[in-house]
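Below is one structure; the comments refer to it alone.
The values are calculated or read from the model by the stated rules, or taken from the named source; none is laboratory data. As the structure is a prediction and not an experimental result, all values here were calculated from the model. Using ideal geometry, Cβ is built from the backbone for each residue, glycine included, and neighbour counts are taken over all protein chains shown. To get the accessible areas, we keep the full protein, side chains included, count just its heavy atoms, and leave off ligands, DNA and RNA. Shrake-Rupley method; radii C 1.70, N 1.55, O 1.52, S 1.80 Å.
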Amino acid sequence: MITNFDLFRWKKAGMINLGVNKLLKFFHKYDRKISLRQMGQVAQVKSIPNFIEQYKNQDVKKLRIDYKKFSSFSILDDLYPERLREIYNPPVLIFYQGNIDLLKNPKLAFVGSRLAGQSGIKAVQKIVTELNQSFTIVSGLAKGIDTASHLSAIKTKTPTIAVIGTGLDIFYPLENRKIQEYLAKNQLVLSEYSLGEKPLKYHFPERNRIIAGLSRGVVVVEAKLRSGSLITCERALEEGRDIFAIPGNIADGTSDGCNHLIQQGAKLVYQAQDILEEYLYN
């Protein structure tokens, strides 16, 4: 029987998330034991000798201590969100702090610029307030729109989930430490990264697929034409999620991404009713 700790060990030995998914599909189909070499072949690890060596040399006792530092759930568990399960390369293991029951709620993601202006922040505050707790707000705890989304949720007593791109013991950006600690105690913080993992550049696109995967729709605020927010929207569209865009100033380029999304068919939003009518009256 495969355990969540097995998933943790495989990843620590160098198997990427996609490889673990391939291996789980193999075991589901064939239900038989295979060697470490065969596991590496099925998972298509870059170097099978390195994987075998790292796995055999693991300090299992220390790994178990690190693994138990934070609560976790996996794609093998019943509580794993179905929307997330259906995306391409779903995270096999997620660590969390806070109220895991928030995963059961209908969720709406908010993404946008890290360099948000006052108009973008006020737009987030307006929409979150008008939603009147109809959705749990999901965002990435980055500067700008992410932070405004979480703070607006807290102010309006709306549940909120932060998906971060580091281990749960790392605070990035550092100025959001108090917010992250508050959410970890009173709301929910999720990460597919284990203890001590730093904010590496590639972590954030990976994090974005979780934000999109958890949510029914994605609200985009103050996004430039080339931005991580549009990458999140691409992932969301691939998974059949709704895209809502708040239009912005055409003169300074700060909302060119939002305006482009609207041009491409995203729903223009200037009040929460524009979102609610997509779900409450169909």
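How about the range 118-214: which helices (runs of 4 or more DSSP H) wholly inside it have at least 1 residues that are under 19 Å from Thr232 (Cβ atoms)?
118-131, 145-155, 203-214
Looking at Leu230, is it within 17 Å of Val138 (Cα to Cα) and either open to solvent by 60 Å² or more (accessible area, probe 1.4 Å) or assigned by the TED database to the domain that holds Val111 (or both)?
Criteria met by Leu230.
For the range 215-240, name all the residues that are without any contact (Cβ under 8 Å) to a residue 60 or more places away in the chain and part of a loop (DSSP other than H, G, I, E, B). Don't jump to the end; show me each part of the working.
First, the residues of the range 215-240 that are without any contact (Cβ under 8 Å) to a residue 60 or more places away in the chain: 225-226, 230-231, 234, 237, 240.
Within the range 215-240, Leu225, Arg226, Gly240 meet the criteria.
Return the only residue of Lys62, Lys68, Lys107, Lys56 being under 19 Å from Glu192 (Cβ atoms), of a type in the set (Lys, Arg) and open to solvent by 30 Å² or more (accessible area, probe 1.4 Å).
Just one listed residue meets the conditions, Lys68.
Do you know which residues across the range 109-120 are in contact (Cβ under 8 Å) with a residue 12 or more places away in the chain and either more than 23 Å from Glu277 (Cα to Cα) or not assigned by the TED database to the domain that holds Ala162 (or both)? First the steps, then the outcome.
If we filter the range 109-120 for residues that are in contact (Cβ under 8 Å) with a residue 12 or more places away in the chain, which is where we start, we get 109-117, 119-120.
Passing the criteria: Ser113, Arg114, Leu115, Ala116, Gly117, Ser119.
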